[in-house]
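Here is the structure we will look at.
The values are calculated or read from the model by the stated rules, or taken from the named source; none is laboratory data. Keep in mind that what you see is a predicted model, and the values were worked out from it rather than measured. Positions of Cβ are generated from backbone atoms using ideal geometry, with glycine treated the same way; all protein chains shown enter the neighbour counts.
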Amino acid sequence: MPLMKGSCRCGSVSYAADADPVFTGLCHCHNCQKETGSAFSVVIAVPMPALSMTGKTKVFDSVGDSGKSTHRAFCPECGTSVTHWADILEGLIMINVGTLDDPSWVKPTMQIYCDSAQPWVKLDSDMQSCPKMPA
């Protein structure tokens, strides 16, 4: 896997990740819908130590459906959500695909919280689909 690089919209926050993705997927949960202002979020998960970030972020903490905390890091200048992590997925950080300099190689292999998916969303049936968070 080549080095992944990306940034927020204004360029104040940038990152690089040097690891193969642990998973690439999308989430239909209501929190992700609110965070993206869209129907779902698309993420790449990597081990936390593989990600280096420059620039200041602000973190919004909340509680996910699991009852455990979730954390979203975003640029305080332009508001772009760059990464998020969930206490239930210890040691992993998720990069928002839209922030990658080159997202053309990304092909999600799974989707979660399908029970919350918008009824008009129709996606590749080859993806693993879970009604909630997989065990």
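Scanning the stretch 73-85 for residues being among the hydrophobic types (A, V, I, L, M, F, W, C) and surrounded by fewer than 19 Cβ atoms within 10 Å (Cβ to Cβ) gives a total of 1. Can you name the residue in the stretch 2-18 that is modelled with pLDDT under 95 and in contact with a strand residue (DSSP E or B) (Cβ under 9 Å, 6 or more places away or on another chain) and, of all such residues, is surrounded by the fewest Cβ atoms within 10 Å (Cβ to Cβ)? Ranking the candidates gives Leu3 first. When the stretch 42-72 is filtered for residues that are surrounded by 14 or more Cβ atoms within 10 Å (Cβ to Cβ), at pLDDT below 95 and out of contact with any Ser or Thr (no Cβ under 8 Å at 6 or more places or on another chain), only Asp65 remains. For the stretch 86-100, the candidate set comprises residues that are of a type outside the set (A, V, I, L, M) and either at pLDDT below 95 or surrounded by 13 or more Cβ atoms within 10 Å (Cβ to Cβ) (or both); within that set, the residue that is nearest to the chain's Cα centre (by Cα) is Asn96.
Within the stretch 94-112, residues that are at negative phi have Cβ atoms under 9 Å from residues that are of a type in the set (Lys, Arg) in these pairs: Thr99/Arg9; Leu100/Lys5; Asp101/Lys5; Asp102/Lys5; Ile112/Lys132, counting only partners at least 6 apart in sequence or on another chain. Lys68 passes every criterion in (1) within 16 Å of Met133 (Cβ to Cβ); (2) in contact with a strand residue (DSSP E or B) (Cβ under 6 Å, 6 or more places away or on another chain) apart from (2).
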